[in-house]
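Please read the structure below before turning to the comments.
The values are calculated or read from the model by the stated rules, or taken from the named source; none is laboratory data. None of these values were measured; they are calculated from a predicted model. Note that we place each Cβ from the backbone using ideal geometry, even for glycine, and neighbour counts take in every protein chain shown. Accessible surface is based on the protein model in full, side chains and every heavy atom, while ligands, DNA and RNA are left aside. Shrake-Rupley method; radii C 1.70, N 1.55, O 1.52, S 1.80 Å.
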Amino acid sequence: MKRRVVVTGLGAVTPIGNTVEEFWDGIKEGKVGIGEITKFDTTEYKVKIAAEVKDFQAKDRMDFKAARRMEPFSQYAVAAAKEAFEDAGLDMSKEDPFRVGVIVGSGIGSLQAVEKEYEKIRTKGPGRVNPLLVPMMISNMAAGNISIQLGLKGKCTNVVTACASGTNCIGDAFRAIQYGDAEVMLAGGAEGCICETGVAGFTSLTALSTSTDPMKASRPFDKDRDGFVLGEGAGVVVLEELEHAKQRGAVIYAELVGYGSTGDAYHITSPAEDGSGAAKAMELAMEEGGIEPSQVDYINAHGTSTHHNDLFETRAIKLALGDAAKDVVINSTKSMIGHLLGAAGGVEFITCVKTIQDNFIHQTVGTETPDEECDLNYAIGAPVEKEVNYVLTNSLGFGGHNAVLLLKRYED
């Protein structure tokens, strides 16, 4: 028998706020965290804007010496994890550390470390490379550093499925608790690759918006959309077995009741054109949660603002929900914070939890005129205030990775 899993802690570092409170206040205000790239000179680049984390001081969020041995994605991960851990009120002196684990992923890890050290190889020789290059750049170090900083000795892994990483990590953590591998898991994603290689690579792929207007660059489902905006940050949540949470008097924010994960087996960058892979992941999440499509109140879409994603995801929603698709409210958090790649699923999961708490579905900011084939309700023009009991959150990654989670309002 599967055990019930609830959400008891939230932590975020985002382009519109470096805590969950700041982030959610920004979401409710319709704040856009997109602006000119400040991390490098973009003179020779077609793409000039990104969604950067602002005013983040790692030394204020963790041990200074430890922070110096972390690249940005790991710093963001640790900061978000510590916030979630504290929010959950966990006391490791009262826990079996081997029953508290971490599954936090990053789609890329640190491109910056590779850039910097490769330049040293070219100009000064291989002997000058930082001895910590490898442990600083590899993507599993988000989870590793969280484990070290918080003393968590349970299952410690990372799932790397490109832009579905954060959602797959939460899904795998959900399974770990359901089947008795852990009592508590910290899960989510982190990313920090707004750098020359990252921007150049996605630009050459024609995946990024070339707009110079921050308010018009990320506009999911709009007929004039022209690509996504690269973002950075981290979203980490505390998942906990229900009885364990109740015994220690934890505040329960929501219940996680379904997880679907599929592969398109179609193309390295494009989702399946009929949306069948993503649709099946949604169907699996709903089936596990024991609900009908008509019970879904809200979908936090992957909604990247690329032509293929938005069109094929719309098709997927119609395929999975049938006639109920026209009644569900859909939005894209990426309209405000850009695409956080491996961190997107973690931050968007937090958005879903807060949506259930406040019965507030944010507007898809910047979107004005939907594509003719994107003909569902994307919360355009204004937020939607309604009772929200069931939420689906979608993440779709290069390689055909589809990950979907189903959250519900907690009832004892």
For the structure I just gave you, tell me whether ASP181 is closer than 30 Å to MET1 by Cβ, among the acidic types (Asp, Glu) and touching a Ser or Thr at 6+ places or on another chain (Cβ under 8 Å). no
Say we look at region 48-58 and pick out the residues that are under 22 Å from VAL78 (Cβ atoms) and of a type in the set (D, E, K, R); which of these is surrounded by the most Cβ atoms within 10 Å (Cβ to Cβ)? GLU52
Test ALA245 against the stated conditions and say whether it is crowded, with 22+ Cβ neighbours inside 10 Å and modelled with pLDDT of 95 or more. yes
Residue in region 206-229 that is farthest from ILE177 (Cα to Cα), counting only those that are touching a helix residue (DSSP H, G or I) at 6+ places or on another chain (Cβ under 6 Å) and of a type in the set (A, V, I, L, M): LEU208
Test: residue in region 165-175 that is assigned to a loop (DSSP other than H, G, I, E, B), farther than 17 Å from ALA80 by Cα and out of contact with any strand residue (DSSP E or B) (no Cβ under 6 Å at 6 or more places or on another chain): no
With the condition kept exactly as written, say whether any residue in region 21-28 is among the β-branched types (Val, Ile, Thr), under 19 Å from the mean Cα position of the chain (by Cα) and either closer than 26 Å to VAL184 by Cβ or open to solvent by 20 Å² or more (accessible area, probe 1.4 Å) (or both). no
Taking region 179-206 and the residues there that are open to solvent by less than 10 Å² (accessible area, probe 1.4 Å) and either aromatic (Phe, Trp, Tyr) or farther than 24 Å from MET137 by Cα (or both), the one that is nearest to the chain's Cα centre (by Cα) would be VAL184
Name the single residue, out of those in region 110-137 being without any contact (Cβ under 8 Å) to a residue 40 or more places away in the chain and in contact with an Asp or Glu (Cβ under 9 Å, 6 or more places away or on another chain), that is farthest from GLN247 (Cα to Cα). ARG128
Which condition number does LYS246 fail, the rest of (1) farther than 24 Å from GLY105 by Cα; (2) part of a loop (DSSP other than H, G, I, E, B) being met? (2)
In region 315-339, what residues are under 19 Å from SER209 (Cβ atoms) and out of contact with any Lys or Arg (no Cβ under 8 Å at 6 or more places or on another chain)? ASN331, SER332, THR333, LYS334, ILE337, GLY338, HIS339
Pull out all pairs, ordered by first then second residue, where Cβ-Cβ is under 9 Å, the residues are six or more apart or on different chains, the first lies in region 341-362 and is among the acidic types (Asp, Glu), and the second is assigned to a strand (DSSP E or B). GLU348/GLY235; GLU348/ASN300; GLU348/THR393; GLU348/ASN394; GLU348/SER395; ASP358/GLU385
For region 33-47, the count of residues that are part of a loop (DSSP other than H, G, I, E, B), open to solvent by less than 60 Å² (accessible area, probe 1.4 Å) and in contact with a strand residue (DSSP E or B) (Cβ under 9 Å, 6 or more places away or on another chain) equals 5
Filter region 258-278 for residues that are hydrophobic (A, V, I, L, M, F, W, C) and surrounded by fewer than 22 Cβ atoms within 10 Å (Cβ to Cβ); the one that is nearest to ALA81 (Cα to Cα) is ILE268
Condition met for GLU240 (buried (at least 24 other Cβ atoms within 10 Å of the Cβ), modelled with pLDDT of 95 or more, in contact with a helix residue (DSSP H, G or I) (Cβ under 6 Å, 6 or more places away or on another chain) and not hydroxyl-bearing (Ser, Thr, Tyr)): no
